[in-house]
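Trainee: Can you keep this structure in mind? I'll have questions shortly.
We did not get these values from a lab; they are worked out from the coordinates using the rules stated. Treat the numbers as computed from the prediction; the structure is a model and nothing was measured. Ideal geometry is used to build each Cβ from the backbone, glycine not excepted, and the neighbour counts take in all protein chains shown.
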Amino acid sequence: MSQEQVFVDWKAREEKAEQMVPMIGGLYRDRNIESSVFGRLIMKRSVIDILKAHRFARQVEGEELSVLDTYPILDTVASMDVKNVHLDVGKLAVKFRKEANGQDLEAFLREELKDAIGNEDRQGTDVVLYGFGRIGRLLARLLIERAGGGQALRLRAIVVRKGRADNDLEKRASLLRRDSVHGSFKGTIQVDEENQAIIANGNMIKVIFADSPDTIDYTQYGISNAIVVDNTGKWRDADGLALHLRATGVSRVVLTAPGKGIKNIVMGVNDSDITDEDHILSAASCTTNAITPVLKALSDKFGVENGHVETVHAYTNDQNLIDNYHKGDRRGRAAGLNMVLTETGAAKAVSKALPEMEGKLTGNAIRVPTPNVSMAILNLNLSSEATKEDLNDYLRDAALHSPLQKQIDYSNSPEAVSSDFVGSRAAGVVDSLATIANGKRCVLYVWYDNEFGYSCQVIRMIQKMAKCTLPAYPLEG
């Protein structure tokens, strides 16, 4: 292809992507239809983001896919009575190409989406964020991002302790507006001092100042039957977290940390354990979420006899910026200047979500001088032999087509480094080029955005509890 032909092709695809943007937005805003390309969300994305999502299909799946293939899918769905679904337009386009057998596109889609036609809307669920630190603010961003659809999850309030500054509200809004790691907030943020609220992309979020969960009456803010997400980590057991349930207007509580004596849920692995009777649940830790889906996938296919997990983890606010007293061993040393050997309970915690791993894993952690994105190194002894190609092919398929698609992602880039995974929505990303296999022994390297990827897992858990997870099409398998 000549240089001129390459440019003309690019302009044609760019123009088609520009036409897709308002269509994708309208389908989401008016009919709660999420759109993706091989798992990459394309709603509320730029033209370039949409084109890159199509490029991903070629890099990982080996499928030639462009907006010229997916635009007709969206255009046809827009004329159908479909709503409240997640559509992978990339997979639908490839499936149509391979399986249509002369069938026209509309007939093909009506057959594929027959169970989604005429879906009913549902009542929204109020969400309150108790604590507004790193995870709390990212959860706020994710909830606001999804507020334009069916509003199944509605961020109604955040609860914090009153700070010493007179402009406390403005400072909270500023931290939501700007983030040194994740960039600026995509939208507009205003401070409403009169109503003690932050208005983000048209969503009024009450800011409640309180020192204890059980003293709050949420109903006076118009909030009822709310799911409270505790981001403070102050309470880890049922007795402590039950303080939230004593507040008026709360029905359920989610802890964004490993819980003691309560169910620890890793989405994609044991979320079927969530019942209507569960009023207090834990979303486990970021590391447990990163490694458990990969371990489940391997255990299902090859079996896992035992192993060791070494976590190379970004520093966190729990560490000191410069050398100072800390109750934990070594964590008192300057986080930005040292690799800090410390403990992790993630390896043992895996068995809370995946009982078959009980007693099979040991673990340790090294905190390193980067602000975000971590890596778990899984050194495993398998029950059956596997080559590097066996493992990578299987995990790539799991990332694209299995029930663990949202949890496991896959990278085959020879130049990928930690900062490339900032903003990853997966629980963990397998670095295929680093995979080592020798008989029944293997070593896998799994990247994870310990802030954003984990927050996405928490959102998936809240959706499951609120029964508002969108059915995904096309159906796999």
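Trainee: Using label points projected 7 Å from each Cα along Cα→Cβ, tell me how many nm separate Val417 and Lys260, to one decimal.
Mentor: Placing both labels 7 Å beyond Cα along the Cβ direction yields 4.0 nm.
Trainee: Where does each of Leu444, Leu341 land when they are ranked from fewest to most other beta-carbon atoms within 10 angstrom?
Mentor: So the ranking, lowest neighbour count to highest, is Leu341, Leu444.
Trainee: Extension gain Asp276-Asp323, at 0.36 nm per residue separation less the Cα-Cα distance, in nm?
Mentor: 12.2 nm
Trainee: Taking just the alpha carbons, could you work out the radius of gyration and Dmax for the stretch 67-121, both in angstroms?
Mentor: 10.8, 34
Trainee: Neighbouring Cβ atoms within 10 Å as the yardstick, rank Met80, Met20 fewest first.
Mentor: Met80, Met20
Trainee: Also, quick follow-up: So if the hydrodynamic radius of the chain is defined as the Kirkwood radius over C-alpha pairs, what does Stokes-Einstein give as its diffusion coefficient at 10 °C and 1.306 mPa s, in µm² per second?
Mentor: For these conditions, the coefficient is 67 µm²/s.
Trainee: Once you put a point 7 Å from the Cα of Ser224 and another 7 Å from the Cα of Lys44, both along the Cβ direction, what distance in nm separates them?
Mentor: The answer from the label model is 2.7 nm.
Trainee: Given C-alpha coordinates of the stretch 286-451, what is the ratio Rg to Rh with the Kirkwood estimate of Rh?
Mentor: Taking Rh as the inverse mean 1/r over Cα pairs, Rg/Rh reads 0.98.
Trainee: Follow-up question, since we're still on this one. Kirkwood hydrodynamic radius for the stretch 34-185: how many Å is it when counted over pairs of different Cα atoms?
Mentor: When all Cα pairs of the stretch 34-185 are included, the Kirkwood radius is 18.3 Å.
Trainee: Given only helices, namely DSSP H runs of n ≥ 4 each adding -39500 (n - 2.57), what is the per-residue ellipticity at 222 nm of the chain, to the nearest 500 deg cm²/dmol?
Mentor: -10000 deg cm²/dmol
Trainee: Please list, in order along the stretch 71-76, the HN-Hα scalar couplings obtained from phi with the Karplus expression 6.51 cos²θ - 1.76 cosθ + 1.60 (θ = phi - 60°), rounded to whole Hz, x for Gly and Pro.
Mentor: The phi angles translate into 4, x, 4, 4, 4, 6 Hz.
Trainee: I would also like to ask the following. If we count other beta carbons within 10 Å of each Cβ, what is the order of Cys286, Cys468, Cys442, fewest first?
Mentor: Lowest count first: Cys468, Cys442, Cys286.
Trainee: What share of the DSSP beta bridges in the chain is antiparallel, in percent to the nearest 5?
Mentor: 45
Trainee: Just how many pairs of Lys in the stretch 286-451 have C-alpha atoms closer than 29 Å, counting pairs that are eight or more places apart or on different chains?
Mentor: For the stretch 286-451, the number of qualifying lysine pairs is 28.
Trainee: Does the stretch 120-229 come out rounded, prolate or oblate by the C-alpha gyration tensor, with a ≥ b ≥ c the root eigenvalues, rounded set by a/c under 1.5 and, if not, prolate when a/b is larger than b/c and oblate if not?
Mentor: Here the stretch 120-229 falls in the oblate category.
Trainee: May I ask you to compute the full-extension gain from Arg29 to Asn438, defined as 0.36 nm times their residue separation minus their alpha-carbon distance, rounded to one decimal in nm?
Mentor: This chain segment gains 142.2 nm when fully extended.
Trainee: With both partners inside the stretch 350-444, how many of the DSSP beta bridges are antiparallel, as a percent to the nearest 5?
Mentor: Beta bridges within the stretch 350-444, antiparallel portion: roughly 65 percent.
Trainee: Figure the gain on full extension for Asp81 and Arg164 (residue separation times 0.36 nm, minus the Cα-Cα span) and round it to one decimal in nm.
Mentor: That pair, Asp81 and Arg164, stretches by 24.6 nm at full extension.
Trainee: If N is the number of residues in the stretch 233-352, what value comes out of its Cα radius of gyration divided by 2.2 N^0.38 Å?
Mentor: That ratio works out to 1.26.
Trainee: Translational diffusion coefficient of the stretch 370-415 at 4 °C, 1.567 mPa s, Stokes-Einstein with Kirkwood Rh over Cα pairs, in µm²/s as a whole number.
Mentor: 102
Trainee: A follow-up question, please. Once Rh is set to the Kirkwood radius over Cα pairs, what Stokes-Einstein translational diffusion coefficient, in µm²/s, holds for the stretch 198-260 at a temperature of 4 °C and a viscosity of 1.567 mPa s?
Mentor: 103
Trainee: In addition: Determine, at each q value in 0.08 (inverse angstroms), the log₁₀ of I(q)/I(0) that the Debye formula gives when each Cα of the stretch 146-305 is one equal point scatterer.
Mentor: For the stretch 146-305 at q = 0.08 Å⁻¹, log10 I(q)/I(0) is -0.30.
Trainee: Largest first and in whole Å, give the semi-axes of the stretch 3-112's equivalent ellipsoid, each being the square root of 5 times a Cα gyration tensor eigenvalue.
Mentor: Semi-axes from the Cα gyration tensor: 21, 17, 13 Å.
Trainee: Among bridges DSSP assigns within the stretch 125-257, what percent are antiparallel (round to 5)?
Mentor: Approximately 30 percent, going by the DSSP bridge assignments.
Trainee: List the GluC sites (Glu not before Pro) within the stretch 66-120 that fall in a DSSP loop (any state other than H, G, I, E or B) and whose Cβ has at most 10 other Cβ atoms within 10 Å.
Mentor: Glu120
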